[in-house]
Amino acid sequence: MMPLWMLAAASADLDALDQAVTRCDREAANPVFSGEAARHSQFLLQAYREQESIVNDRLTLTDQQRTLREATDVKPAELKQQQKQLDLQQASVEDRQKVLNDKRLLENIRQDAMDSMRRYFLNNCPAGAAERTK
């Protein structure tokens, strides 16, 4: 799960970029815009790896559940205990999926905000304009 302080830091970064864009501050805005593609690529790679891990864990759990259902030599008490363990593992996988979905949601919103700020910056902050006003 993403710590609350990381969410606050990401929000503060966007706020600082928004202020730089409003001021047409190229020295502050350009490095953020330039680094965004690499940051986003890294996020996508991490998200892919986590999704791949979740899928593999789901496949493993499905196999274990099928094996347990088909077992004929398992005592009812043992069956109940094993099913409880599988249910807990399933809940853990679903929790990981929800966290990943939330991260993707935030990343999509961030990308929309960055694209909007970039468009505003390009439309309203012509190259050299800040230097002429100094």
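The values are calculated or read from the model by the stated rules, or taken from the named source; none is laboratory data. This structure is a prediction, so every number in the text was calculated from the model and none was measured. With ideal geometry, Cβ positions are generated from the backbone for all residues, glycine too; neighbour counts draw on all protein chains shown. Only protein heavy atoms, including side chains, enter the accessible area calculation; ligands, DNA and RNA are left aside. Shrake-Rupley method; radii C 1.70, N 1.55, O 1.52, S 1.80 Å.
May I ask you to list the residues in segment 61-101 that are farther than 26 Å from PHE43 by Cα and among the hydroxyl-bearing types (Ser, Thr, Tyr)?
Correct list: THR62, THR67, THR72.
In segment 73-118, which residues are of a type in the set (Asp, Glu) and open to solvent by 70 Å² or more (accessible area, probe 1.4 Å)?
Going through segment 73-118, the residues of a type in the set (Asp, Glu) turn out to be 73, 78, 87, 94-95, 102, 107, 112, 115.
Correct list: ASP73, GLU78, ASP87, ASP95, ASP102, ASP112.
Any residue at all in segment 119-126 that's under 30 Å from ALA28 (Cα atoms), among the basic types (Lys, Arg), open to solvent by 50 Å² or more (accessible area, probe 1.4 Å) and touching a Phe, Trp or Tyr at 6+ places or on another chain (Cβ under 9 Å)? Steps first, answer last, please.
So in segment 119-126, the residues under 30 Å from ALA28 (Cα atoms) come out as 119-126.
Okay, now just the ones that are also among the basic types (Lys, Arg), so 119.
Right, trim to open to solvent by 50 Å² or more (accessible area, probe 1.4 Å) and you get 119.
Pick out the ones that are also touching a Phe, Trp or Tyr at 6+ places or on another chain (Cβ under 9 Å) and you get none.
No, segment 119-126 has no match at all.
For segment 98-115, state whether one or more residues are farther than 30 Å from GLY35 by Cα and of a type in the set (S, T, N, Q).
Taking segment 98-115 as the starting set, the residues that turn out to be farther than 30 Å from GLY35 by Cα are none.
For segment 98-115, residues farther than 30 Å from GLY35 by Cα and of a type in the set (S, T, N, Q): absent.
Would you mind finding the one in ALA130, ALA47 that is modelled with pLDDT of 95 or more and open to solvent by less than 80 Å² (accessible area, probe 1.4 Å)?
Working: ALA130 fails: modelled with pLDDT of 95 or more.
Every option except ALA47 fails the conditions.
Looking at this structure, is ARG23 more than 19 Å from the chain's Cα centre (by Cα), under 25 Å from LYS103 (Cβ atoms) and open to solvent by 70 Å² or more (accessible area, probe 1.4 Å)? Before you say what the answer is, go through the steps one by one.
Details: more than 19 Å from the chain's Cα centre (by Cα): yes; under 25 Å from LYS103 (Cβ atoms): no; open to solvent by 70 Å² or more (accessible area, probe 1.4 Å): yes.
It is false that ARG23 is more than 19 Å from the chain's Cα centre (by Cα), under 25 Å from LYS103 (Cβ atoms) and open to solvent by 70 Å² or more (accessible area, probe 1.4 Å).
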